[in-house]
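The values are calculated or read from the model by the stated rules, or taken from the named source; none is laboratory data. What you see is a predicted model, and the numbers here were worked out from it, not measured in a lab. Cβ placement follows ideal geometry from the backbone for every residue including glycine, while neighbour counts extend to all protein chains displayed. For accessibility, only protein heavy atoms count, side chains too; no ligands or nucleic acids. Shrake-Rupley method; radii C 1.70, N 1.55, O 1.52, S 1.80 Å.
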Amino acid sequence: QVRLVESGGGSVEAGGSLRLSCAVSGSIFRGAAMGWYRQVPRQQREFVARVSSEGSGEYANSVKGRFTVSRDDAKNTAYLQMNSLIPEDTAVYYCRVEALDLWGQGTEVTVSS
């Protein structure tokens with residue numbers, strides 16, 4: 001059974017940084033595009049970033065230039081480096097195996113002003 005486990009969330013002040021990790025069990029990671037999404041209460045989950053199986057990144061306009069997505073196939077792990085955080089980045093962040101629509105449990109990020 002495939003499992004996705006996010007980690008790295010926490011509370012930071014505006015301008016700070018966090019790095020989220022998404023560890024994927026099973027043999028599906030290699031070759032799979034990995035997405036990062038976020039959700040705040042009473043709002044729809046929104047796309048943040050995606051890393052292709054080849055390692056190229058795609059970003060929402062709201063995070064472009066501040067967030068960097070990457071992957072380490074040897075560790076079956078995807079990363080989301082978040083810099084210059086702003087209060088609007090506060091949300092629960094989820095990773096997803098895009099092709100299989102498999103989600104992790106989420107990790108909470110809080111950015112204070």
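None of 21, 27 is part of a strand (DSSP E or B), open to solvent by 20 Å² or more (accessible area, probe 1.4 Å) and of a type in the set (Gly, Ala, Ser) except 21.
One residue stands out in the stretch 72-113 among those that are among the hydroxyl-bearing types (Ser, Thr, Tyr) and part of a loop (DSSP other than H, G, I, E, B): the one that is nearest to residue 25 (Cα to Cα), namely 90.
Evaluate the stretch 89-108: report whether one residue or more is hydrophobic (A, V, I, L, M, F, W, C) and without any contact (Cβ under 8 Å) to a residue 24 or more places away in the chain. No.
With respect to the conditions (1) surrounded by fewer than 16 Cβ atoms within 10 Å (Cβ to Cβ); (2) closer than 20 Å to residue 16 by Cβ; (3) within 12 Å of the chain's Cα centre (by Cα); (4) in contact (Cβ under 8 Å) with a residue 40 or more places away in the chain, residue 70 falls short on a single one, namely (4).
If the condition is being part of a strand (DSSP E or B) and buried (at least 17 other Cβ atoms within 10 Å of the Cβ), then the stretch 2-11 contributes 4, 6. When 54, 46, 88, 58 are checked against the criterion of being within 18 Å of residue 10 (Cβ to Cβ) and open to solvent by 60 Å² or more (accessible area, probe 1.4 Å), a single residue qualifies: 88.
In this structure, residue 54 does not qualify as closer than 13 Å to residue 93 by Cβ and among the acidic types (Asp, Glu). Is it true that residue 32 is more than 15 Å from residue 109 (Cα to Cα), part of a loop (DSSP other than H, G, I, E, B) and modelled with pLDDT under 95? Judged against the criteria, residue 32 is a match. Under the condition of being assigned to a loop (DSSP other than H, G, I, E, B) and under 24 Å from residue 41 (Cβ atoms), the residues counted in the stretch 52-71 number 5. Among the residues in the stretch 35-46, are any free of Cβ contacts under 8 Å to residues at least 40 places away in the same chain, part of a strand (DSSP E or B) and not basic (Lys, Arg)? The answer is yes, given that some residue of the stretch 35-46 is free of Cβ contacts under 8 Å to residues at least 40 places away in the same chain, part of a strand (DSSP E or B) and not basic (Lys, Arg).
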